[in-house]
Amino acid sequence: MNTIAALAGRILLSLLFIISGLGKLFDVSSAQAALAGVGLSPDLALPTGLFELIGGLALMFGVATRIFAVLLAGFTLLTILFFHHNLLDHTQVVEALKNLAIAGGLLALFAHRQVAWSYDGLRARRDRESAARDAEMRAARAEGRAEALAETPATRVETVTDVDGNPTGTVAVARRRWWQV
């Protein structure tokens, strides 16, 4: 049940940024006017919309979840600083509290790394399986080498002959490896 809740929370948080980013990209002039109204450069409208869209999609699919959670939390806190700083206006206070809650959810996502059903989770699972396979392969190779060394005698027996080629006896000769001289 925790996995389903974590997935649902991640998707719901991401939808907020995806929809907001698309709104800024489809209506750049309104975003530019809002930025100019608070003293920021109107040229930030397009990069802001792209950042929200990319960050929201990354959260939705679980790609670099922790990085984007922190970046989007910082972005959300900056919106309080620039857009909702008038604490005498009730609407502004409600918007600031909403953004604080969103930033809190993003920081919780960062802290708990709920990556089930995400690209990050898939990659971590694949890395663990690959490491286990590599360890098994190294162990099998080492076992094979140990068995080969145990089966191969360290010496071989050669027949010693006299000048005429008649066998005179046998002698044990140390087995040389191909890399030995």
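Before moving on, here are some points about what is shown:
- Among all positions in the range 59-67, there is no residue which is in a helix (DSSP H, G or I), small (Gly, Ala, Ser) and in contact (Cβ under 8 Å) with a residue 24 or more places away in the chain.
- Filter pass, Gly74 being touching a residue at least 40 places away in the same chain (Cβ under 8 Å) and assigned to a helix (DSSP H, G or I): no
- Some residue of the range 108-118 being at pLDDT 95 or above, crowded, with 17+ Cβ neighbours inside 10 Å and under 20 Å from Ala6 (Cα atoms): no
- Residues in the range 80-133 that are touching a residue at least 12 places away in the same chain (Cβ under 8 Å) and of a type in the set (Ser, Thr, Tyr): Ser118, Tyr119.
- Here Thr79 qualifies as among the hydroxyl-bearing types (Ser, Thr, Tyr) and surrounded by 16 or more Cβ atoms within 10 Å (Cβ to Cβ).
- The conditions of being surrounded by fewer than 16 Cβ atoms within 10 Å (Cβ to Cβ) and in contact (Cβ under 8 Å) with a residue 12 or more places away in the chain are met by Leu22.
- Residues satisfying the stated conditions in the range 157-172, i.e. at pLDDT below 70 and surrounded by fewer than 10 Cβ atoms within 10 Å (Cβ to Cβ): Val157
- Count of the range 23-49 residues which are part of a helix (DSSP H, G or I) and in contact with a helix residue (DSSP H, G or I) (Cβ under 7 Å, 6 or more places away or on another chain): 13
- Lone qualifier among Ala154, Ala146 - being within 40 Å of the chain's Cα centre (by Cα), at pLDDT below 75 and more than 20 Å from Ala64 (Cα to Cα): Ala146
- Failed condition for Ile54, given (1) surrounded by 18 or more Cβ atoms within 10 Å (Cβ to Cβ); (2) of a type outside the set (Phe, Trp, Tyr); (3) free of Cβ contacts under 8 Å to residues at least 60 places away in the same chain: (1)
The values are calculated or read from the model by the stated rules, or taken from the named source; none is laboratory data. If you're wondering where the values come from, they're calculated on a predicted model, not measured in any experiment. Don't worry about glycine lacking a Cβ; one is built from the backbone with ideal geometry, like all the others, and counts go over all protein chains shown.
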